[in-house]
Amino acid sequence: MKISHYPFIILLALLSACATTPVKPDATSDPKKSPETVLITYHVKPGKEADLEDVLRRGWEIYRQEHLVFAQPHLIVRDKEDGDKTRVVEVFTWVSHSAPDHAPASVKGIWNEMQALCEPRGGHGGLEGGEVEIIGPKKW
């Protein structure tokens, strides 16, 4: 029986919303300066799980030192796909849409390490990501 991972991803986004109040840019502000929340999926090579966790930890320290991300939300979860292969999903918010475009060499080095620890899987790249919107939970 094949299980869809979309409910898992939605739950991940919802849980990360508990940690912060989203920052809404001014309607007149430059979109490149507004925060960008992203969801990154890592299809980890077998046997490289601990190495990726170490790189993610070091990467987060660098992002914070370089003032590229907000402290919250930040969530990393792990599950299995294709039977026994590890997938890691990370959610965090860049301080601006342009922050990753102007990443220093230290960050680019971490990204290269991450890519080396991942593999293409199921028609997807080894490391994939994109912008997401935190939609809840909302106060009632």
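See the values below:
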quantity	calculated
Normalised per residue, the volume of the convex hull around the Cα set of segment 100-140 (Å³)	134
Accessible surface of segment 46-140 [probe 1.4 Å, protein heavy atoms]: carbon and sulfur percent	53
Whole-Hz couplings from phi, Karplus 6.51/-1.76/1.60, listed for segment 77-84; x for Gly and Pro	10, 10, 8, 10, 9, 6, x, 10
Stretch gain in nm, segment Arg57-Val38, where the contour uses 0.36 nm per residue and the Cα spacing is subtracted	5.2 nm
Sites Ala116 and Ala71 - FRET efficiency at Förster radius 25 Å, r taken between beta-carbons, to 0.05	0.35
Above-threshold pairs, the threshold being 29 Å between Cα atoms, out of Lys48/Lys108; Lys85/Lys108; Lys85/Lys138; Lys32/Lys108	Lys85/Lys138
Two-decimal log10 I(q)/I(0) for segment 21-140, as the Debye equation yields it once each C-alpha is a single scatterer, q = 0.12, 0.13, 0.20 Å⁻¹	-0.48, -0.55, -1.16
Solvent-accessible area per residue for segment 34-89 (1.4 angstrom probe, square angstrom)	50
R0 of 41 Å, Cβ-Cβ distance Lys48-Lys138: FRET efficiency to nearest 0.05	0.60
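The values are calculated or read from the model by the stated rules, or taken from the named source; none is laboratory data. Please read these numbers as outputs of a predicted model, since none were measured by experiment. Virtual Cβ from ideal backbone geometry, glycine too; neighbours counted across all protein chains shown. With ligands, DNA and RNA removed, areas are computed over all heavy atoms of the protein, side chains included. Shrake-Rupley method; radii C 1.70, N 1.55, O 1.52, S 1.80 Å.
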